[in-house]
Amino acid sequence: MAEEKQSVEQLQREKLVLEMELVKEQLEQLRAKREARKRAHGEQEKTLEEGRRLERIVQRNCSHRKGGKGDDLKNNRGSDPNGSFADQQMPNSQVWRMCTRCFALWKPGDKSKTHPSGIGYEQIMQWPTDNSPAGSVQFRLAESEKREGQRELATVSEE
Ligand SMILES: [Zn+2]
């Protein structure tokens, strides 16, 4: 009887040791997963940062002007007096300006110190451009001609 009791205790002890090993293993796996996730996140951050760095270089070196041939065209070094801009009037009547060469985007309040191009909004809006701004596009419900009160969605582009 005593021998049997001892072996039950021993079995319970062994079971406990095995359970603890299992828990340890699971913890190690969790830790490894967490580390891998951290590393992947770090790599992603690095890639994003590198993308932002390259974007800054491209936008710094762009002349934001139309024209140019060959290498000048390839390197965004247009020399036309007119800027290569697409202006967009937003629904709140703000005008955003985008360079169609380097895709730099200027919004009201952008400062030269912080804008990737090194040019602020107020400054870039002084540049001449022969492009006409695009108005904001609005959707409006229009009553169709007495067709049993049906309505159709009409897209209206406002200047
Ligand atoms: Zn540009």
Margin query: When you check LYS69 against the structure, is it within 14 Å of the ligand (Cβ to nearest atom), loosely packed, with under 11 Cβ neighbours inside 10 Å, of a type outside the set (A, V, I, L, M) and free of Cβ contacts under 8 Å to residues at least 60 places away in the same chain, yes or no?
Written below: no
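In the stretch 95-116, what residues are within 11 Å of the ligand (Cβ to nearest atom) and surrounded by fewer than 16 Cβ atoms within 10 Å (Cβ to Cβ)? Spell out how you get there, then give the answer.
Residues of the stretch 95-116 that are within 11 Å of the ligand (Cβ to nearest atom), as a first pass: 97-106, 116.
Answer for the stretch 95-116, where residues must be within 11 Å of the ligand (Cβ to nearest atom) and surrounded by fewer than 16 Cβ atoms within 10 Å (Cβ to Cβ): THR100, PHE103.
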Margin query: Step by step: first the residues of the stretch 71-122, then only those that are acidic (Asp, Glu) and not in a loop (DSSP other than H, G, I, E, B), then the one that is nearest to ARG60 (Cα to Cα). Which residue is that?
Written below: ASP72
Margin query: Only one of GLN29, GLN12, GLN6, GLN89 is modelled with pLDDT of 95 or more and surrounded by 10 or more Cβ atoms within 10 Å (Cβ to Cβ). Can you tell me which?
Written below: GLN29
Next item on the list: Can you tell me which residue within the stretch 45-66, out of those that are away from the ligand (no atom under 11 Å from the Cβ) and of a type in the set (Val, Ile, Thr), is nearest to ALA134 (Cα to Cα)?
Entry: ILE57
Next item on the list: Could you tell me whether VAL23 is surrounded by 10 or more Cβ atoms within 10 Å (Cβ to Cβ), away from the ligand (no atom under 14 Å from the Cβ) and over 23 Å from GLY120 (Cβ atoms)?
Entry: yes
Next item on the list: Considering (1) of a type in the set (Gly, Ala, Ser); (2) surrounded by 11 or more Cβ atoms within 10 Å (Cβ to Cβ); (3) at pLDDT 90 or above; (4) away from the ligand (no atom under 13 Å from the Cβ), say which one GLY42 fails and leave the rest.
Entry: (2)
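The values are calculated or read from the model by the stated rules, or taken from the named source; none is laboratory data. Small disclaimer: the values here were computed from a predicted structure and weren't measured. Here the Cβ is made from the backbone with ideal geometry for all residues, glycine too, and neighbour counts use every protein chain on show.
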